[in-house]
Amino acid sequence: MNSNEELVKFLKRQIEIEIKIVSSLNGALSKIENPAVKGVLKGISLDSAKHAEMYDAAIKLLSGATPALSQEQLDEQKELVQKHIRIESELIERLENVLKNIDDEKVRLLLNAILSDERRHHELLKKVLEIIVRGETITEEDWWDVLWRDVPYHGAPGG
């Protein structure tokens, strides 16, 4: 990608594709009676809706259209993300324990897919927390870096 403009075009196209996927799957779901197939396709539909939202969020980040957070909002977001990191961790542990005793191949397939999603969610939430804390907090070290980054010898003798 050569520019933000090209990237935004790409992201908008991806949103269109994800919306088409959602529409196609949702239209077919009412005709499907197999609960495993229906559950997997519904999950894919929900993922596609989520992807469209995430592409839209990326566009907003690129355009600088994100509002500044108050300290209260930042604290609420951190608390929410931390809560869900704990929940995902508990879900992962429970699924890992239950899977040890599941013999049915179809049920194992479904539970392993859920476990894979939960692990991805857990890692994503940890990254989001890191970015929220790092991205919205200016530390004393950051201020010193801003002050001294471009100064030769960083104030030491010889400059």
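The values are calculated or read from the model by the stated rules, or taken from the named source; none is laboratory data. Just so you know, these numbers come straight off a predicted model, no measurement behind them. Neighbour counts run over all protein chains shown; Cβ positions are idealised from the backbone, glycine included.
So, in segment 102-159, how many residues would count as being modelled with pLDDT under 80 and over 30 Å from Lys50 (Cβ atoms)? Even if it seems obvious, please write down each step before you answer.
Residues of segment 102-159 that are modelled with pLDDT under 80, as a first pass: 132-159.
Narrowing the set further to residues that are over 30 Å from Lys50 (Cβ atoms) leaves 138-159.
Residues flagged as modelled with pLDDT under 80 and over 30 Å from Lys50 (Cβ atoms) within segment 102-159 amount to 22.
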**Failed item in (1) closer than 29 Å to Lys12 by Cβ; (2) out of contact with any helix residue (DSSP H, G or I) (no Cβ under 9 Å at 6 or more places or on another chain), with Lys100 passing the rest** = (1)
**Asked** What number of residues in segment 18-36 are surrounded by fewer than 14 Cβ atoms within 10 Å (Cβ to Cβ) and either under 13 Å from Ser48 (Cα atoms) or touching a His at 6+ places or on another chain (Cβ under 6 Å) (or both)?
**Response** 3
